[in-house]
2 protein chains.
Amino acid sequence: MITIRHYEPDDWAGVWSILEPVFRAGETYAYPTDIDEESARTQWIEAPAATFVAVEGATVLGSYYIKANQPGQGEHVCNCGYVVAEHARGRGIAGQLCEHSQRRARELGFRAMQYNLVVATNEGAIRLWQRHGFAEAGRLPGAFRHPRHGFVDALVMYKPLDAGEQS
Amino acid sequence: MITIRHYEPDDWAGVWSILEPVFRAGETYAYPTDIDEESARTQWIEAPAATFVAVEGATVLGSYYIKANQPGQGEHVCNCGYVVAEHARGRGIAGQLCEHSQRRARELGFRAMQYNLVVATNEGAIRLWQRHGFAEAGRLPGAFRHPRHGFVDALVMYKPLDAGEQS
């Protein structure tokens, strides 16, 4: 059974084992492909408002962070990033993380969620976010330098989080 | 005669005298309206790749910063922020800063420029950026909490910077 709960320091080895291959591949997130472990920890764990993990027993299968996307007059819009372990894909975990993050975002008082750079070649992710209520709010021509496909478009995806809505 | 040149530490008092009323008003940029001077200096001067000032004699009339908008696979797209002194508006300085920033961006190797949060009520700015080649790449519903108008939309504006293009 998969549980989603707050990240705890002992989870780091499990989280990093999922993040590292995703960041090294550089096909879906705009982190430096040679990012070191400490910088990754700072950005995934310390900088965000909160980080969660999906666990099955003692095994971390996925993780997401949540943070304000902008300060000041933009701080009511949050941003999240999600990763799922290669060996755990196809089990609906990303969708569970997305729904969990939306509930958590409402509880934290955010009014909307924004993904700033969804790589246009990442079609599975785009369809997934659309199924969970996100719309394409914008398209950025050539904004992502894909290691295999070169400069590809990136989407800005956005979802208002109405307080009364079920998700 | 107005000159645009690199920011120097002695320019800070002049730059802050322009930034402070803009940030305190909170109608155009998503900085906390109660931001302290040191945080403003960090964000406008230290965090960016470079900061420039428009000066007339010894008087700072405007400023802009330039930085990568994303790390890693997004670092070829830059982001800029511009301010012009209240008493110097209507003299075309914002447009000059915009053109200067585009040339500088190309020299620094950036391939595109992105504005992440152009407040929809800031119609003069939107028209200005459009005149200088920016397109509305996206619209974020209610993404800016305007101090007088409440939650208003924000635009994502974007311009590819072709190496051969004159601007």
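Scanning the range A:139-158 for residues that are touching a His at 6+ places or on another chain (Cβ under 9 Å) and without any contact (Cβ under 8 Å) to a residue 12 or more places away in the chain, which turns out least open to solvent (accessible area, probe 1.4 Å)?
A:G142
So, of the residues in the range A:103-160 that are of a type in the set (A, V, I, L, M) and more than 10 Å from chain B (Cβ to nearest Cβ), which turns out to be farthest from B:L161 (Cα to Cα)?
A:L108
Please go through the range B:61-72 and pick out each residue that is over 19 Å from A:T28 (Cα atoms) and surrounded by 21 or more Cβ atoms within 10 Å (Cβ to Cβ).
B:L61, B:G62, B:S63, B:Y64, B:Y65, B:I66
Here is a check on your reading of the model: is B:L108 on the phi < 0 side of the Ramachandran plot and crowded, with 20+ Cβ neighbours inside 10 Å? First the steps, then the outcome.
Details: on the phi < 0 side of the Ramachandran plot: yes; crowded, with 20+ Cβ neighbours inside 10 Å: no.
No.
Condition check ((1) free of Cβ contacts under 8 Å to residues at least 24 places away in the same chain; (2) more than 14 Å from chain A (Cβ to nearest Cβ)) across all residues:
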position	(1), (2)
B:Y29	no, no
B:A54	no, yes
B:G57	yes, yes
B:L61	no, yes
B:N69	no, no
B:I93	no, yes
B:E99	no, yes
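Out of the residues in the range B:73-91 that are assigned to a helix (DSSP H, G or I) and closer than 30 Å to A:A30 by Cα, which is nearest to the chain's Cα centre (by Cα)?
Across the range B:73-91, the extreme among qualifying residues is B:G74.
Go through (1) touching a Leu at 6+ places or on another chain (Cβ under 9 Å); (2) farther than 14 Å from A:G14 by Cα; (3) open to solvent by less than 10 Å² (accessible area, probe 1.4 Å) for A:V53 and report which single condition fails.
Every condition holds for A:V53 apart from (2).
So which of B:Q102, B:Q96 is open to solvent by less than 40 Å² (accessible area, probe 1.4 Å) and among the polar types (S, T, N, Q)?
B:Q102
Hey, can you tell me all the residues within the range B:41-60 that are in a strand (DSSP E or B) and under 25 Å from B:E27 (Cβ atoms)?
Those that are in a strand (DSSP E or B) and under 25 Å from B:E27 (Cβ atoms): B:T51, B:F52, B:V53, B:A54, B:T59, B:V60.
Check B:G95, B:G72 and return the single one that is on the phi > 0 side of the Ramachandran plot, modelled with pLDDT of 95 or more and not acidic (D, E).
Values: B:G95 fails: on the phi > 0 side of the Ramachandran plot.
None of the others qualify; the one that does is B:G72.
The values are calculated or read from the model by the stated rules, or taken from the named source; none is laboratory data. The shown structure was predicted, so the numbers you read here are calculated from the model rather than taken from an experiment. We place every Cβ from the backbone using ideal geometry, glycine too, and count neighbours over all the protein chains shown. Accessible surface is based on the protein model in full, side chains and every heavy atom, while ligands, DNA and RNA are left aside. Shrake-Rupley method; radii C 1.70, N 1.55, O 1.52, S 1.80 Å.
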